[in-house]
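The values are calculated or read from the model by the stated rules, or taken from the named source; none is laboratory data. Predicted model, so just to flag it, every value in this text is computed and none were measured. Note: ideal-geometry Cβ built from the backbone for every residue, glycine included; neighbour counts use all protein chains shown. Only protein heavy atoms, including side chains, enter the accessible area calculation; ligands, DNA and RNA are left aside. Shrake-Rupley method; radii C 1.70, N 1.55, O 1.52, S 1.80 Å.
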Amino acid sequence: MIEFSNYDILRNLLFATQWTILLSLAAFVGGTTVALALTAMRLTRNAIMRTLVRMYVELFQGTPLLMQMFLCFFGLSMLGYEISAWGAAILSLTFFTSAFLVEIWRGCIDTLPKGQWEASRCLGLSFLQTLRFIILPQAIRVATAPTVGFSVQVIKGTALASVIGFVELTKVGTMLNNATFEPFKVFTLVALIYFMLCYPLSLYSKHLEKKFNVSR
Amino acid sequence: MLYFSDLLQYSDVFFSGLMTTVELTVLTTFLGVALGTTCATLRQYGNLAGQRIVSVYVELIRNTPFIVQLFFIFFGLPAIGIMLSPWEASMIALTINLGAYSTEIIRAGLASISKGQVEAAKVLGLNFRQTLTRVIFIPAFEKIYPALTSQCIIVMLGSAVISQISVQDLTYAANLVQSRNFRAFESYLVTALLYLGLSILLRFAFNALGKRLFAYRSVQ
């Protein structure tokens, strides 16, 4: 049997943290991209599009992320689509992230006075121009703080990828626990590493929130 | 092809899993909100030490994944002599998790009560406990009720993870069924829809409850 020193445990955990970070980044990029498209769809006056977005949000906010991962990983491969744990994790985290971001951004856009839309129409701006030059610049200011705050949820969400066998921080934690039989030490370290990833983002989000509130 | 009929014979497995999830959700909602209320009161009106302790608790829980908290409680605590059954560990983990989030939410509600109300209560001779229960809590909870209830639903969905320490909840049922008949997609899809139904049902229940709890509005 191989002996694991404290250094070995920490080194392995830190190595796995890279995958947690990479998965979080991929999910966040995927999630924001999809959420942008969905937000644009929601703002159109097409009732079908808006209903579709509402159903999307309802579906992915109303079901557990773990279940979405199982569906993407075990479900899709049973249907004949080969998908890796990495792919399934990114896919389900993208659904999850985008469903929440659409709702967050909806709130931000709704705080802008309706007169802005009407004024833009009076000035003869098209829908896309209104979005690009009037709404987005203001909405981004409001949306930054809650979006950064939500990125913490994305990082925490990646921990579930361990259940479908993707080797990231939590998975390496359980593997090390099986090898060392020192669950208290291992899971304390795992939790601490997650904390060190998430806490700065939480603080930054709070800071942004304050900054925005002052300038108003 | 999809074969949902293969799932029918396992309907009792799904049902008992669903019941476990509902049972844990109801229990942890009450315990978690109670914990959150206590911590939020301590954070808002308590002494410095109390405020610090609550802050550390809230930040620690909010910045670590639920699955790690669960593993820490279930696998980690026995190492220092605290043995818990999977069910107990899940209940504690869910309560602590909801407690931390609801502390933040409820504290926002407490902070929104204008100082004048508290001072008026003092002038009228109400003691601190009376001020809390009769003046502060009801309007504070009314303000944050939607946020609090959606957090309860998020925790219910998060409880899917407890199947990993072999609590026989709805997700555990899905895993069991798909390992028996290899209908993974169907099994997980049905389970996802059951969770969706449960979250919609919970939202209706919370809305109905909210209308009754805050009915004093219409009396005025």
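Give the shape of segment B:18-148 as rounded, prolate or oblate, defined through the alpha-carbon gyration tensor: a ≥ b ≥ c are the square roots of its eigenvalues, a/c under 1.5 means rounded, and otherwise the shape is prolate if a/b is larger than b/c and oblate if not. Because a/c hits 1.5 or more and a/b exceeds b/c, segment B:18-148 counts as prolate. In segment B:16-52, which residues have a backbone nitrogen under 16 Å from the label point lying 7 Å from B:Ser179's Cα in the Cα-to-Cβ direction? Residues B:17 qualify, since their backbone N sits under 16 Å from the label point. Could you tell me what % of all Cα pairs in segment A:143-193 have separations over 18 Å? Cα-Cα pairs in segment A:143-193 separated by more than 18 Å: 41 percent. Across segment A:6-215, Cα-Cα pairs more than 20 Å apart make up 64 percent of the total. Accessible area per residue (1.4 Å probe, heavy atoms of protein chains only) ranks A:Trp117, A:Trp105 as A:Trp117, A:Trp105, with the largest value leading. Chains B and A together bury roughly 3200 Å² of accessible surface, counting both sides and using a 1.4 Å probe on protein heavy atoms. At a temperature of 4 °C and a viscosity of 1.567 mPa s, determine how fast the protein assembly as shown diffuses translationally according to Stokes-Einstein, using the Kirkwood radius over alpha-carbon pairs as Rh; express D in µm²/s, rounded to the nearest whole number. In µm²/s, the coefficient rounds to 55. Cβ-Cβ distance of B:Leu124 and A:Asp110, R₀ of 30 Å, FRET efficiency by 1/(1 + (r/R0)^6): the value works out to about 0.15. Heavy-atom accessible area for A:Glu103, with the other protein chains in place and a 1.4 Å probe, reaches approximately 70 Å². Only protein heavy atoms count here; on that basis, with a 1.4 Å probe, A:Ile83 has an accessible area of about 40 Å². Along the axis of the charge dipole computed for chain A (Cβ charges of +1 for Lys and Arg, -1 for Asp and Glu, origin at the Cα centre), the listed residues A:Thr20, A:Met67, A:Val154 are led at the positive end by A:Val154.
Please give the residues of segment B:117-152, grouped as numeric ranges, whose backbone N is less than 12 Å from a label point set 7 Å along the Cα-to-Cβ vector of B:Ala215. Answer for this model: none.
Label separation (A:Arg54 vs A:Ala37): 2.2 nm, computed from points 7 Å beyond Cα along the C-beta direction.
Within the assembled protein chains, the solvent-accessible surface assigned to B:Leu31 is about 80 Å², based on a 1.4 Å probe. Once the C-beta distance of A:Asn178 and A:Tyr81 is scaled by a Förster radius of 30 Å, the resulting FRET efficiency is 0.45 to the nearest 0.05. In chain B the Cα-Cα distances spread across 10 Å bins starting at 0 as 8, 27, 30, 20, 11, 4, 1, 0 percent of all pairs.
Simple spin-label estimate for B:Leu60 and A:Tyr204 gives 2.5 nm between the two label positions (7 Å along the Cα-to-Cβ direction from each Cα). Once the Cα atoms are used to define both axes, helix A:85-110 deviates from the longest principal axis of chain A by about 30 degrees. FRET efficiency for the pair B:Ala79 and A:Glu118, taken as 1/(1 + (r/R0)^6) with r the Cβ-Cβ distance and R0 = 56 Å, rounds to 0.30.
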